[in-house]
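Following: one structure in structure tokens, then a few remarks.
The values are calculated or read from the model by the stated rules, or taken from the named source; none is laboratory data. Since we're looking at a predicted model, the values are computed, not measured. Positions of Cβ are generated from backbone atoms using ideal geometry, with glycine treated the same way; all protein chains shown enter the neighbour counts. Only protein heavy atoms, including side chains, enter the accessible area calculation; ligands, DNA and RNA are left aside. Shrake-Rupley method; radii C 1.70, N 1.55, O 1.52, S 1.80 Å.
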Amino acid sequence: MPFEEDKPLVYFPIQALAQKRHLLLGETCPDREKVQAEVLAEVKEKAMLPYYEKYLCPGALGPPDAALKAELQKQNDEELVKLEDKIKDAKENLGDIEVRDGLIAKAEFFNRIGDKEQACEAYDVAFAKTVGVGGRLDNILTKIRIAFFFDDMEMAKKEIDRAEEELKRGGDWERRNKLKVYKGIYFMGARNWKEAATLFLNVMPTFTAVELVEFKDFVFYTVILTMVSLDRPTLREQLVFSPEVLGSIKETPHLEDFLNSYFYCQYKTFNENFVRIIDLVRADRFLYRHARYFMRTMRLNAYKQFLASYRSVKLEAMASEFGVSKAFIDAELSSFISSGKLTCKIDKVGEIIESNEADQRSQVYVNIIKQGDLLLNRMQKLSGAIDM
């Protein structure tokens, strides 16, 4: 008889379920009926009555089904009684390890059914009975996932701080690695994208946090955040030629073309893919709040990159390079110039853009000279004071 394939591990809470809920709450959800059916099937299979009542009805799935609620309530009550009996028996007849295992099982039950408050309380009780640093960190990491599942960034920050304190007492390499991903997701939600991108790039070759985010989505986040917040050498070394990125980037439609067109300065192709990537950003539950920021910053980066190669360029030539009209480029550049984001001028008569973009190396040199002059002045004042 052939061996049955091992079922993939299921981690609670199921982050993909929160993403589907996000899609259903949007106005332009593709295959709405299919997604609703998938969510409802998950609710029934995992007996997720609290999540169904508080977070899915009526918004994502419509009015609640009374018969389904009664059935799920019965299942939850029966399972909870068994768990309570197990904990009671462990306290009366067994040792601390069995009591702890029973408490963790109870916490996992509340976590599975989507009861945030009861799950957090149960994990706190189990934490008090857990001795090893590894087990305590697993407890905290689970609470961080619960926070992300319910979009509670304040709770996520609090638990990340707890995890870092716990790591000072020890902790293995894998859990430290996972925490970097968790911190990166938090920073991404808080729009600290440079810090998030740095963490993601650091952990990319040894990524193991599949309980929080799929690797293809992790690559998507890393590419988006790095393109927005880091420089070209980082793009080249850690994204464009990264084996980990190259192995998974094709799983996200248009992402590879978007990255390569930007890196190789193919701005018309970049703009064509930009529109499709924006749709992906808007559809993501972590990124949708930052869609406008992403659009504006990414366009600014592309304009800066283009203008860095020229002292002056005709407006028509730039518009042609980006595949847009002169009026659009004029309005875009004017907006960035007036807000101080671009250091260039537009000659309206000659329709010429004059770039004053400072070279980074030159700026560093100027700063060093200024600091040297300041140091010499202070030394002269100190010397005069000593002579007196």
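How about region 90-181: which helices (runs of 4 or more DSSP H) wholly inside it have at least 1 residues that are within 24 Å of Met204 (Cβ to Cβ)?
Because the criterion is at least 1 residues that are within 24 Å of Met204 (Cβ to Cβ), the helices (runs of 4 or more DSSP H) in region 90-181 that meet it are 133-149, 153-167.
Failed condition for Ile278, given (1) under 30 Å from Glu27 (Cα atoms); (2) open to solvent by 80 Å² or more (accessible area, probe 1.4 Å); (3) out of contact with any Phe, Trp or Tyr (no Cβ under 6 Å at 6 or more places or on another chain), with all others met?
Going through the list (1) under 30 Å from Glu27 (Cα atoms); (2) open to solvent by 80 Å² or more (accessible area, probe 1.4 Å); (3) out of contact with any Phe, Trp or Tyr (no Cβ under 6 Å at 6 or more places or on another chain), Ile278 breaks only (2).
Being open to solvent by less than 10 Å² (accessible area, probe 1.4 Å) and either among the β-branched types (Val, Ile, Thr) or within 11 Å of Lys157 (Cα to Cα) (or both) is the filter here; which residues of region 185-196 pass it?
Result: Ile185, single match.
Residue by residue through region 327-359, note down the ones that are surrounded by 15 or more Cβ atoms within 10 Å (Cβ to Cβ) and closer than 19 Å to Glu272 by Cβ.
Within region 327-359, Ile329, Glu332 meet the criteria.
In the list Glu42, Glu53, Glu33, which residue meets the criterion of being assigned to a helix (DSSP H, G or I), free of Cβ contacts under 8 Å to residues at least 12 places away in the same chain, acidic (Asp, Glu) and open to solvent by 10 Å² or more (accessible area, probe 1.4 Å)? Spell out how you get there, then give the answer.
Details: Glu42 fails: free of Cβ contacts under 8 Å to residues at least 12 places away in the same chain; Glu53 fails: free of Cβ contacts under 8 Å to residues at least 12 places away in the same chain.
Just one listed residue meets the conditions, Glu33.
Considering only region 344-357, I want to know if a residue exists there that is under 32 Å from the mean Cα position of the chain (by Cα), in contact (Cβ under 8 Å) with a residue 60 or more places away in the chain and farther than 30 Å from Leu24 by Cβ. Quick ask: steps written out before the conclusion?
Let us first name the residues in region 344-357 that are under 32 Å from the mean Cα position of the chain (by Cα), namely 357.
Narrowing the set further to residues that are in contact (Cβ under 8 Å) with a residue 60 or more places away in the chain leaves none.
Checking region 344-357: not a single residue is under 32 Å from the mean Cα position of the chain (by Cα), in contact (Cβ under 8 Å) with a residue 60 or more places away in the chain and farther than 30 Å from Leu24 by Cβ.
Taking only pairs six or more apart or across chains, which ones have beta-carbon atoms under 6 Å, a first residue in region 153-182 that is under 15 Å from Asn139 (Cβ atoms), and a second residue that is modelled with pLDDT under 95?
Note: pairs meeting the criteria are Arg169/Val133; Gly170/Val133; Gly171/Val133.
Can you pull out every residue in region 234-246 that is free of Cβ contacts under 8 Å to residues at least 24 places away in the same chain and open to solvent by 60 Å² or more (accessible area, probe 1.4 Å)?
Listed by number, the residues that qualify are Glu237, Phe241, Pro243, Leu246.
Does Ala291 satisfy the condition of being open to solvent by less than 60 Å² (accessible area, probe 1.4 Å) and of a type in the set (Gly, Ala, Ser)?
Yes, satisfied.
For Arg285, are the conditions met, namely being part of a helix (DSSP H, G or I), among the charged types (D, E, K, R) and either under 18 Å from Val219 (Cα atoms) or open to solvent by 70 Å² or more (accessible area, probe 1.4 Å) (or both)?
no
When you go through (1) open to solvent by 20 Å² or more (accessible area, probe 1.4 Å); (2) closer than 21 Å to Arg285 by Cβ; (3) not aromatic (Phe, Trp, Tyr) one by one for Leu141, which number turns out not to apply?
Single failed check for Leu141: (1).
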